[in-house]
1. Which ones in region 1-28 are surrounded by 12 or more Cβ atoms within 10 Å (Cβ to Cβ) and at pLDDT below 85?
2. May I ask you to verify whether E26 is free of Cβ contacts under 8 Å to residues at least 40 places away in the same chain, in contact with a Phe, Trp or Tyr (Cβ under 8 Å, 6 or more places away or on another chain) and not hydrophobic (A, V, I, L, M, F, W, C)?
3. Taking the condition of being loosely packed, with under 10 Cβ neighbours inside 10 Å and at pLDDT 80 or above, how many residues in region 29-40 meet it?
Amino acid sequence: MDLFASFVHLRPDGRAQAEQPAFDVERDGWQLMTFHGETDADVHADHWEVHPE
């Protein structure tokens with residue numbers, strides 16, 4: 001699984017699946033993505049980011 005080319009969909013039933021990188025507010029569970037950054041400031045490593053509906 002290429003973590004930089006996919007979203008990881010963490011399903012409510014405990015399964016994880018690689019999916020196309022597209023945000024979908026209708027999708028159950030959590031969507032996890034990774035990306036490259038040069039510094040912690042590039043990825044605002046000091047907090048989690050949540051996108052509620």
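1. L3, P21, R27
2. No.
3. 3
The values are calculated or read from the model by the stated rules, or taken from the named source; none is laboratory data. This one's a predicted model, so the numbers in the text were calculated from it and none came from an experiment. Cβ coordinates were reconstructed from backbone atoms using ideal geometry, including for glycine residues, and neighbour counts include every protein chain displayed.
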